[in-house]
Amino acid sequence: MDDLNRTIQGYVGLLPREVDLVVGIPRSGLLAANLISLALNLPLADLDGYLEGRILSSGKTRRKESFDWPAHAFKCVLIVDDSTRTGAAMREARSKIAAAGLLDRCLFVTVYGPEKDVVELDIVMERVPEPRVFQWNIMNHVILERCCFDIDGVLCLDPTADENDDGSKYAAFLSSARPLFLPGRRVAHLVTSRLERYRPETEAWLAANEISYGKLWMLNAPTAEERRRLNAHGAFKAEVYRHVDAQLFVESEDRQAVEIARLSGKPVLSIETQSLVLPETHLNHSERMRRRAIRLREQSSSERRGWRRSLKRAIRRLLGDNIANKLRRTRWRAKVSS
């Protein structure tokens, strides 16, 4: 999500100034289209709504005359998808728009495109090689069929400290755990540090939530206390991951994700930080958190500087160069005198 927003914010200034409507291709294309429309303060529509002459409501805080126009009154329309591989979605969108007689006013844009050109696209914001997986669609991606998944903190919420008593409360949690990120495809391996003796309850919950999977791996320890003494969570998961034919491990905790990547020599997706842990980086959890904090501070500072530059340009356009220069000299004199 963070990468998507940064890519869009870095590119929107290069879009044609004539654009007056942003249209998203459902479903994830609407995510990108929404960010673009908010950045440019333009009306937004979904593809079917646009073809039917409707745009989405703008709410009360964004009021422009164009926000109340019918969809077919717009003259330069951006048709947006989040990513493109083969161009199939764009071809379908082009076909629908051509049938409505609106093709001559539309530009077709993808945020993330393939390295080779796709004739259906007018603009590619960033070219990304494959294989690639996005945060907002990983639970429906074909890669799940070659993945290992943690359960607690991924498929369901973690138990609370009170629920995690290795007794009656924990048994109640297992049967009624609240689902979290439910996959839309079959997952190759479920690898959990839950104890083997809780297999019946775990399998019943998976069946009740219609989660399709290949094999369920559970930790063979007599009690939770023994499991904590062995501290075998990450090592157990890494051992399974290392010996099965899987390309990615999806782990809830960043600290364990680092350990699994180090021990298995394979990449791990940390749900906690929504980032990929690569085995060759050799960064521990604390160092990753420190670098992440620095990166977020730098990004925030850069965004503030960007907004200041944009504000200065807007003032100069509104007031003209002469008045803007006089204001700058007045501010400089006041700073010197103080």
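The values are calculated or read from the model by the stated rules, or taken from the named source; none is laboratory data. Predicted model, so just to flag it, every value in this text is computed and none were measured. Counting neighbours? That spans all protein chains shown, and the Cβs are built from the backbone with ideal geometry, glycine included. SASA here: full protein model, heavy atoms, side chains in, ligands and nucleic acids out. Shrake-Rupley method; radii C 1.70, N 1.55, O 1.52, S 1.80 Å.
Worth a mention:
- Of residues in the stretch 184-193 being modelled with pLDDT of 95 or more and crowded, with 18+ Cβ neighbours inside 10 Å, the one nearest to residue 141 (Cα to Cα): 187
- Condition met for residue 94 (open to solvent by 80 Å² or more (accessible area, probe 1.4 Å) and closer than 17 Å to residue 26 by Cβ): no
- Residue in the stretch 137-148 that is closer than 21 Å to residue 269 by Cβ, assigned to a strand (DSSP E or B) and either hydrophobic (A, V, I, L, M, F, W, C) or open to solvent by less than 20 Å² (accessible area, probe 1.4 Å) (or both) present: yes
- Some residue of the stretch 266-277 being surrounded by 14 or more Cβ atoms within 10 Å (Cβ to Cβ), under 24 Å from residue 220 (Cα atoms), of a type outside the set (Gly, Ala, Ser) and modelled with pLDDT of 75 or more: yes
- Hits in the stretch 104-123 (condition: surrounded by fewer than 20 Cβ atoms within 10 Å (Cβ to Cβ) and in a strand (DSSP E or B)): 107, 123
- Restricted to the stretch 194-214, and to residues there that are acidic (Asp, Glu) and surrounded by fewer than 16 Cβ atoms within 10 Å (Cβ to Cβ), the residue that is nearest to the chain's Cα centre (by Cα) is 210.
- Of all the numbered requirements in (1) closer than 15 Å to residue 149 by Cβ; (2) at pLDDT 95 or above; (3) open to solvent by 40 Å² or more (accessible area, probe 1.4 Å); (4) in contact with a helix residue (DSSP H, G or I) (Cβ under 9 Å, 6 or more places away or on another chain), residue 249 misses one, and that requirement is (3).
- Looking only at residues of the stretch 157-176 that are over 20 Å from residue 208 (Cα atoms) and of a type outside the set (Gly, Ala, Ser), we find that the one that is most open to solvent (accessible area, probe 1.4 Å) is 162.
- Subset of the stretch 72-121 [more than 20 Å from the chain's Cα centre (by Cα), under 19 Å from residue 32 (Cα atoms) and of a type in the set (Gly, Ala, Ser)]: 87, 88, 93
- Residue match in the stretch 215-233 (condition: under 30 Å from residue 175 (Cβ atoms), in contact with a His (Cβ under 9 Å, 6 or more places away or on another chain), acidic (Asp, Glu) and open to solvent by less than 70 Å² (accessible area, probe 1.4 Å)): no
- In the set (1) touching a residue at least 40 places away in the same chain (Cβ under 8 Å); (2) hydrophobic (A, V, I, L, M, F, W, C); (3) touching a Cys at 6+ places or on another chain (Cβ under 7 Å), residue 155 fails one condition alone, (3).
- Boolean, residue 101 is crowded, with 17+ Cβ neighbours inside 10 Å and not hydrophobic (A, V, I, L, M, F, W, C): no
- Close pairs from the stretch 177-201: first within 13 Å of residue 212 (Cα to Cα), partner open to solvent by 60 Å² or more (accessible area, probe 1.4 Å) and basic (Lys, Arg), Cβ under 6 Å, at least 6 apart: 188/146; 189/215
- When 85, 127 are checked against the criterion of being touching a residue at least 40 places away in the same chain (Cβ under 8 Å) and of a type in the set (Lys, Arg), 85 stands alone in meeting it.
- Filter result for residue 149 (modelled with pLDDT of 95 or more and not hydroxyl-bearing (Ser, Thr, Tyr)): yes
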